[in-house]
Amino acid sequence: MKAKFGEIKNINFVYQSPSVGQFSLEPEALKPIFWDHCREQFLGKMTSEIKGFYFSHYQEKSENVADFVAKFENILAVSHENFIFSDFNKTDKDNILWISPSRFWFDCMLKKSLFTLILRASINYNIEIDNFENCLFGEFQENKLIKETKTAFIRFMYGFTKYTGKLPENLTNSNSTLIRHGWHSEFNFVDYHEIKNKLIYPFRLVNDNYFGFDFLWN
């Protein structure tokens, strides 16, 4: 399934173009967009009530970002019945994409944390050469945290998406909530036995996704 795009979304009150890989919620009326470079800062705002958020990328690369996410979700859909995919809207700014994430990503803070990592990795994706695997595990700064948790990441892709470990810690002050324990903190330097205990199959499955890497990337 290819990425699904809705109508072009107009953005108002962007005083300064964001750098690549930043996140923002829809601002209140007549207020400028506030961009978060820190994923942990943005995760505190990424509640189940939001309809979506803005993500900044390289110019004219919105289709690359969206297709990268869709490619990853297509892998997940093999082992998840009736998987509902994320939706996207291009904007009138050629370096900003509106993303309406699948509800799949909202039932656990670790999933939300992983989704932001996937988006960061997506900014290097090129549809024409289909460098999906390289964006995840190649020599890019944006995929560093994924590479450092590669075993857990691949297990998640195979369908073991139910998290049974410690929920992320929140540090809250008067202005924001900071997630201090996300995907990378949970699975970096963790052995495979512990990963197996913390990432298990969800209750309902379509297929056991036990194929090799060639299947995962195609």
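Scanning segment 2-36 for residues that are exposed (fewer than 15 other Cβ atoms within 10 Å of the Cβ) and within 16 Å of residue 122 (Cβ to Cβ) yields 2, 4, 19. If you go through segment 122-169 and keep only what is assigned to a helix (DSSP H, G or I) and either in contact with a Leu (Cβ under 7 Å, 6 or more places away or on another chain) or among the hydroxyl-bearing types (Ser, Thr, Tyr) (or both), you end up with 122, 143, 145, 146, 151, 152, 155, 156, 157.
Somewhere in segment 80-97, is a residue part of a helix (DSSP H, G or I), at pLDDT 90 or above and under 17 Å from the mean Cα position of the chain (by Cα)?
Initial filter on segment 80-97 (part of a helix (DSSP H, G or I)): none.
Scanning segment 80-97, I find no residue that is part of a helix (DSSP H, G or I), at pLDDT 90 or above and under 17 Å from the mean Cα position of the chain (by Cα), so the answer is no.
Entry remark, segment 37-59: residues being buried (at least 17 other Cβ atoms within 10 Å of the Cβ) and assigned to a helix (DSSP H, G or I) number 4 in total. Would you confirm whether any residue within segment 16-27 is under 14 Å from the mean Cα position of the chain (by Cα), charged (D, E, K, R) and under 23 Å from residue 109 (Cα atoms)? No, because not a single residue in segment 16-27 is under 14 Å from the mean Cα position of the chain (by Cα), charged (D, E, K, R) and under 23 Å from residue 109 (Cα atoms). Of all residues in segment 60-73, those that are modelled with pLDDT of 95 or more have Cβ atoms under 8 Å from Cβ atoms of residues that are in a helix (DSSP H, G or I) and of a type in the set (Ser, Thr, Tyr), 6 or more apart or on another chain, in 64/122; 65/122; 68/122; 69/122.
Contact annotation: residue pairs with Cβ atoms under 7 Å, 6 or more positions apart or on different chains, pairing a residue in segment 126-150 that is hydroxyl-bearing (Ser, Thr, Tyr) with a partner that is outside any helix (DSSP H, G or I), are 149/188.
The values are calculated or read from the model by the stated rules, or taken from the named source; none is laboratory data. Every value quoted in this text rests on a predicted model; they were computed, and no experiment measured them. Heads up, the Cβs are rebuilt from the backbone with ideal geometry, glycines too, and the neighbour counts pull from every protein chain shown.
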